[in-house]
Amino acid sequence: METSNHSIETQNLSLWYGDFQALIDVSVNIPAGKITSLIGPSGCGKTTLLRCFNRVNERYGNVTTKGEIKILGKNIYDPDVSLLELRKTVGMVFQRPNPLPISVYDNILFGLRIHSPFGSLTRSQSDEIVEEALTSVFLWDDLKDKLKTRATSLQLEQQQKLCIARLLPLKPQIILMDEPCSALDAKGTLAVEELMSVLAGTYTFLIVTHNMAQARRVSSECIYMFLGELIEHRETQALFETPEHPKTADYVQMRYG
């Protein structure tokens, strides 16, 4: 895909579930190599917007999308766009850790095996890929002697880090995260946030979070959404300290509702 100054660009993006309009003329540019947070009350369209960028919404049926979405400068609705290639470029981490009920080792290689010809990796290549991925998410020291362990038996924090590690062999450029810390305790949350901060720059992160303190801690830019509309998009500190829109001010100063 082509490169661009922004990893993600939308123009007048609208989406309907049946007759219900979930997104209304959303135009936004997501900077490359940074962490951008999506905040707003429940039902405001954050997760719907997030799932537009790897076209996951289309799995649910009865979905209509209008407008333009560019990933790395390429319109993802162009007829020559491969969904497999798009979802390699745009990885996703979900609200609850979802490692496969197989070994740690096989979890790391699972996506690569799907996208690569069967048997194309030697054992030494596979070992190197697994070590590199686990090292990138600071799990190698903890798991190097547990590679045959069933991934679902790991601690939740380790499971979520493993889900991030599982994306890395596919060499994504963008990682979408939907409430990635909601199932974690404070220690696990801090560990995942620190990991995101380390990986930002190498990857572009777009994260949905209800935790405004988390948005302030981890993101360079922040987007406030309300009832399907993008209300304000600014540098995080400015959005929280000097919001320009009254709706944003009501939310970040906890006057909403």
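The values are calculated or read from the model by the stated rules, or taken from the named source; none is laboratory data. These figures come from a predicted structure and were not determined experimentally. Virtual Cβ from ideal backbone geometry, glycine too; neighbours counted across all protein chains shown. The protein model used for the area step is the full one, side chains on, heavy atoms only, and it has no ligands, DNA or RNA in it. Shrake-Rupley method; radii C 1.70, N 1.55, O 1.52, S 1.80 Å.
Positive end of the dipole of the range 2-252 (Cβ unit charges, origin at the Cα centre): among Gly91, Ser124, Ile231, the Cα lying farthest that way belongs to Ser124. Placing R0 at 45 angstrom, the Cβ-Cβ distance between Asn75 and Ala213 gives a FRET efficiency of 0.80 after rounding to 0.05.
A simple spin-label model places the labels of Ser42 and Asn5 4.0 nm from each other, with each point 7 Å out along Cα-to-Cβ.
The range 59-92 to the range 22-51: how many Å between their Cα centroids? Their Cα centres are 15 Å away from one another.
Spin-label pair Ser153-Lys187: with each label point 7 Å from Cα along the Cα-Cβ axis, the two points sit 2.0 nm from one another. Separation of the alpha carbons by more than 21 angstrom is noted, of Lys88/Lys144; Lys34/Lys171; Lys70/Lys171; Lys34/Lys146; Lys88/Lys148; Lys34/Lys161, for Lys88/Lys144; Lys34/Lys146; Lys88/Lys148. In loop segments of the range 139-225 as defined by DSSP, the trypsin sites (Lys or Arg not before Pro) with at most 11 further C-beta atoms inside 10 Å of their C-beta are Lys148. For the range 106-197, chymotrypsin sites (Phe, Trp or Tyr not before Pro) are listed when DSSP marks them as loop and at most 11 other Cβ atoms sit within 10 Å of their Cβ; the list is Phe118. Along the range 167-181 the Karplus relation, 6.51 cos²θ - 1.76 cosθ + 1.60 evaluated at θ = phi - 60°, assigns HN-Hα couplings of 6, 5, x, 7, 6, x, 10, 10, 10, 8, 9, 9, 6, x, 10 Hz to successive residues, with x for each Gly and Pro. Here r is the Cβ-Cβ distance between Asp142 and His115 and R0 is 30 Å; the resulting FRET efficiency, rounded to 0.05, is 0.65.
In order along the range 146-159, the phi-based Karplus estimate (6.51 cos²θ - 1.76 cosθ + 1.60, θ = phi - 60°) of 3J(HN,Hα) comes to 10, 5, 8, 5, 5, 4, 6, 8, 6, 4, 4, 4, 5, 4 Hz; Gly and Pro are listed as x.
Roughly what % of DSSP beta bridges within the chain run antiparallel, to the nearest 5? Intermediate results must be reported in sequence, preceding the final value.
On the way: 25 of 43 bridges.
Here the share of antiparallel DSSP bridges comes out near 60 percent.
Using 0.36 nm per residue, how much length does the chain from Asp19 to Thr202 gain when fully extended, once their Cα-Cα distance is taken away? The partial results should precede the final answer.
Working: separation 183, 0.36 × 183 = 65.88 nm, distance 3.95 nm.
Length difference between fully extended and current span is 61.9 nm.
Listed values for the range 131-143 are Karplus-derived 3J(HN,Hα) couplings in whole Hz (6.51 cos²θ - 1.76 cosθ + 1.60, θ = phi - 60°), namely 4, 5, 5, 5, 5, 4, 10, 6, 10, 4, 4, 6, 10, and x replaces Gly and Pro.
Remark: the Glu229-Ser103 segment gains 41.1 nm on full extension, using 0.36 nm per residue and subtracting the alpha carbon distance. About its Cα centre, the chain has a charge dipole of approximately 540 debye under the convention of +1 per Lys or Arg Cβ and -1 per Asp or Glu Cβ, with nothing else charged. Here the calculated FRET efficiency for Glu244 and Glu58, from their Cβ-Cβ distance with R0 = 45 Å, stands at 0.85, rounded to the nearest 0.05. Average accessible surface for the chain: 49 Å² per residue, computed with a 1.4 Å probe over protein heavy atoms with every protein chain in place.
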